[in-house]
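Input: a single structure, listed below in structure tokens.
The values are calculated or read from the model by the stated rules, or taken from the named source; none is laboratory data. Computed from a predicted structure; not experimentally measured. Cβ atoms come from the backbone with ideal geometry, glycine included; neighbour counts cover every protein chain shown.
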Amino acid sequence: MNFGYVKVAAAIPGVRVADCMYNAAEIEKQIIEANDKGVEIITFPELALTAYTCGDLFAQQLLLDEAERGLLQIMQNTRQMDIISIIGLPVSVHGMLLNAAAVIQHGKVLGVVPKYYLPNYKEFYEMRWFTSGDMIKQENVRLCGQLVPVTHDMLFETPKAIFGVEICEDVWAPIPTSSILTLKGADIICNLSATDECIGKHDYLCQLLSQQSARSMSGYVYSSCGFGESSTDVVYSGNALIYENGKLLARSKRFEMEPQLVISEIDVDFLRGERRVNTTFATSMRQYIGKEALRVTIERTSDKPVELTRKYDAHPFVPQGPMLDECCEEVFSIQVTGLAKRLLHTHAQTAVVGISGGLDSTLALLVCVRTFDKLQRDRKDIVGITMPGFGTTDRTYNNAINLMKSLGVTIREISIKDACIQHFKDIGHDINNHDVTYENSQARERTQILMDVANQMNGLVIGTGDLSELALGWATYNGDHMSMYGVNSSIPKTLVVHLVKWVALHDIDELSKVTLLDIVDTPISPELIPADEQGNIKQKTEDLVGPYELHDFFLYYFMRYGFSPAKIFMLAQRSFAGVYDDDTIRKWLHTFCRRFFSQQFKRSCLPDGPKVGSIAISPRGDWRMPSDASSASWLTELTIEN
């Protein structure tokens, strides 16, 4: 299965100005190399067959004839290949000269796309030689002995994707031609360019292409002239860039003297899914109804399995490098701002938090502290309640107490043991039977305490449950599942760890820092089962439900991109190679799919909580799913893949 990927390449060939046969041979080499690597569409720079910097030589008939002869040579020598090549050359039409791109495959010219916007300012003089593609209204031109369509408004449809072509300045226009092509159906845009180098221009170019691919929700393949062009007045560094919905997938090295071939895979299934979800894109299409582009159908492309060269982060919720600190600061600020608004709106005098000594309740407490500081309220109005039960260990208990002391909040300790023992008697449950009733009774007792104390003290119960737990349903219904405002509700477990650590290292006193770092190192557990003989945590969540780093990976690609289990499994194989074997990944992915569907009823009645990232699970926001939806198709696909 190719999972919707299209392998593309941006090429920077070696060129000699006005030496078309040499240039054709260099282009041909790169087409052959790309074809051998499974590339389906390859894009070359603007006017690559002649070189861009020919100047008034473009008025010479010999140059135009040689360019056509070079194209014919390429077509003849690559006619047995499935690869689609997009090559820049000057094309004469009815006494006009076009700066154009020829799309070729199997020895045929599929179409000629002329440049629409011709720059004629500063170092550019294209109107001296060329006519805008706006002058051509879906006509035919004879090229290399074939009668082929020529228009700037043309789409090429393969069995796997639809692509369009624009040339250099077209993307610098206020309304780029690629915007129109994508609204008419193009998944991928190929840009043949000749962008010279100036100080600061490269960064601007990258921003421009990133934004254009994001705005049009498209893949974007950009190839610009390199070494070999004339240096009479300007220099070309060779830019080959591949983007997908704003994300840079691959790039060339600048100022290289040798030819370069940059390859990556564009996920067309992902792009189409993004467009389906984004109703603004569909609305924008309306203005182009009735103005259909000329469509050229390509019956066959490479049938080789796509071998991915692009990388997928094993921890998609956690930015890498310096961005992690910025992310943590922003997420924390969103949580604080949301809680501050809710406290002011409800006129709550206190915030009540159950403190277990675990990660989630710690983060919730830290959010409360920062919020009260921001509102200039006394931290003593934060009521931290530790509620020891049958499985509470000394480590988590001491961390809970020590953290509340160092932060200066009000501490209350209310044991749930006697209340639970009485409850077991009332319902006739054997205390030695450590089943789901035994566990959930404790969670519900704790929630009852928090709710009632909040009533006593005119307060809000601050929820501690995180996104990962809610996705898996790893919460007791009407127990820790319930609160009055859930500050962690859209934060995945893998990010919770980093948030707590970030606060410890950047925004806390030294005594609290020591406790926070120990909490980060404590195994994740609900502590509802008695500890072992040495007093250590016996009930470890990840042993029972699976590693959170896997579940967060599954959750991200399931919810954010709508990927199928088979595709998620393939990506997890690549991302966690050497960490988890295939059987382990498949086992926990099966668990994720089963639990995600069966536990929707818990998510259908979640308390309010702030959205902090691209994924949230609130029934009032990002995720509306029937509680009775069947997981059969998802589980069946995993079984078939096995």
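If you check D269, D233, D196, D203, which single one turns out to be touching a residue at least 12 places away in the same chain (Cβ under 8 Å) and part of a helix (DSSP H, G or I)?
Numbers: D233 fails: part of a helix (DSSP H, G or I); D196 fails: part of a helix (DSSP H, G or I); D203 fails: touching a residue at least 12 places away in the same chain (Cβ under 8 Å).
Just one listed residue meets the conditions, D269.
Which of the residues that make up region 383-409 are without any contact (Cβ under 8 Å) to a residue 60 or more places away in the chain and either buried (at least 18 other Cβ atoms within 10 Å of the Cβ) or not hydrophobic (A, V, I, L, M, F, W, C) (or both)?
G384, T386, P388, Y397, N398, A400, M404, K405, G408, V409
To keep it simple, each residue is scored yes or no on (1) surrounded by 24 or more Cβ atoms within 10 Å (Cβ to Cβ); (2) part of a strand (DSSP E or B).
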{"site": "A10", "(1), (2)": "yes, yes"}
{"site": "N35", "(1), (2)": "no, no"}
{"site": "P45", "(1), (2)": "yes, no"}
{"site": "S85", "(1), (2)": "yes, yes"}
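Take M482 and decide whether it is out of contact with any Phe, Trp or Tyr (no Cβ under 6 Å at 6 or more places or on another chain), within 21 Å of V336 (Cα to Cα) and either hydroxyl-bearing (S, T, Y) or assigned by TED's automatic domain parsing to the domain that holds N536 (or both).
The answer is yes for M482.
For region 137-182, what are the residues that are of a type in the set (D, E, K, R) and part of a strand (DSSP E or B)?
Answer for region 137-182, where residues must be of a type in the set (D, E, K, R) and part of a strand (DSSP E or B): E139, R142, E157, E166.
For I431, all conditions in the list (1) of a type in the set (A, V, I, L, M, F, W, C); (2) over 24 Å from I519 (Cβ atoms); (3) out of contact with any Gly (no Cβ under 9 Å at 6 or more places or on another chain); (4) surrounded by 15 or more Cβ atoms within 10 Å (Cβ to Cβ) hold save one; what is the number of the exception?
Of (1) of a type in the set (A, V, I, L, M, F, W, C); (2) over 24 Å from I519 (Cβ atoms); (3) out of contact with any Gly (no Cβ under 9 Å at 6 or more places or on another chain); (4) surrounded by 15 or more Cβ atoms within 10 Å (Cβ to Cβ), only one is false for I431: (4).
Across region 61-79, which residue is nearest to C20 (Cα to Cα) among those that are among the polar types (S, T, N, Q) and assigned to a helix (DSSP H, G or I)? First the steps, then the outcome.
At the first step, the residues of region 61-79 found to be among the polar types (S, T, N, Q) are 61, 73, 76-78.
From what is left, the residues that are assigned to a helix (DSSP H, G or I) are 61, 73, 76-77.
Values: Q61: 13, Q73: 11, Q76: 16, N77: 16 Å.
That would be Q73.
Can you tell me which residue in region 357-377 is farthest from K501 (Cα to Cα), limited to those that are in contact with a Lys or Arg (Cβ under 9 Å, 6 or more places away or on another chain) and in contact (Cβ under 8 Å) with a residue 24 or more places away in the chain? Reasoning before the result, please.
So in region 357-377, the residues in contact with a Lys or Arg (Cβ under 9 Å, 6 or more places away or on another chain) come out as 357, 359-360, 368-369, 371-373.
Imposing the further condition that a residue be in contact (Cβ under 8 Å) with a residue 24 or more places away in the chain reduces the set to 357, 359-360, 368-369, 371.
Working: G357: 14, L359: 10, D360: 12, C368: 16, V369: 16, T371: 18 Å.
Only one residue fits best here, namely T371.
Could you identify the single residue in I449, I427 that is in contact (Cβ under 8 Å) with a residue 24 or more places away in the chain and in the same structural domain as G391 (by TED's automatic domain parsing)?
Numbers: I427 fails: in contact (Cβ under 8 Å) with a residue 24 or more places away in the chain.
None of the other options fit; the residue is I449.
Might you check whether a residue that is in contact with a strand residue (DSSP E or B) (Cβ under 8 Å, 6 or more places away or on another chain), buried (at least 20 other Cβ atoms within 10 Å of the Cβ), among the aromatic types (F, W, Y) and assigned by TED's automatic domain parsing to the domain that holds D267 occurs anywhere in region 127-135?
Yes - at least one qualifying residue is present in region 127-135.
Within the bounds of region 26-41, is there any residue that is in contact with a Phe, Trp or Tyr (Cβ under 9 Å, 6 or more places away or on another chain), under 21 Å from V150 (Cα atoms), modelled with pLDDT of 95 or more and in the same structural domain as S231 (by TED's automatic domain parsing)?
yes
Can you confirm whether G95 is under 22 Å from V39 (Cβ atoms), in the same structural domain as Y236 (by TED's automatic domain parsing) and out of contact with any His (no Cβ under 8 Å at 6 or more places or on another chain)?
Here the answer is no, as G95 does not meet what is asked.
Select the helices (runs of 4 or more DSSP H) contained entirely in region 439-548, then report the ones holding at least 3 residues which are of a type outside the set (S, T, N, Q) and surrounded by fewer than 17 Cβ atoms within 10 Å (Cβ to Cβ). Let's see the steps before the verdict.
Numbers: elements: 467-472, 493-506, 510-520, 541-545.
Output list reads 510-520, 541-545.
As an exercise: evaluate L589 against (1) buried (at least 16 other Cβ atoms within 10 Å of the Cβ); (2) without any contact (Cβ under 8 Å) to a residue 60 or more places away in the chain; (3) not in a helix (DSSP H, G or I); (4) not β-branched (V, I, T) and give the number of the one condition it does not meet.
Condition not satisfied by L589: (3).
Can you pull out every residue in region 601-637 that is over 18 Å from I491 (Cβ atoms) and buried (at least 20 other Cβ atoms within 10 Å of the Cβ)? Don't jump to the end; show me each part of the working.
Quick first cut of region 601-637, residues over 18 Å from I491 (Cβ atoms) only: 601, 604-605, 624-637.
Listed by number, the list holds a single entry, W634.
All but one of (1) touching a residue at least 24 places away in the same chain (Cβ under 8 Å); (2) over 20 Å from S468 (Cα atoms); (3) under 39 Å from the mean Cα position of the chain (by Cα); (4) surrounded by fewer than 24 Cβ atoms within 10 Å (Cβ to Cβ) hold for K380; which doesn't?
Unmet for K380, out of (1) touching a residue at least 24 places away in the same chain (Cβ under 8 Å); (2) over 20 Å from S468 (Cα atoms); (3) under 39 Å from the mean Cα position of the chain (by Cα); (4) surrounded by fewer than 24 Cβ atoms within 10 Å (Cβ to Cβ): (3).
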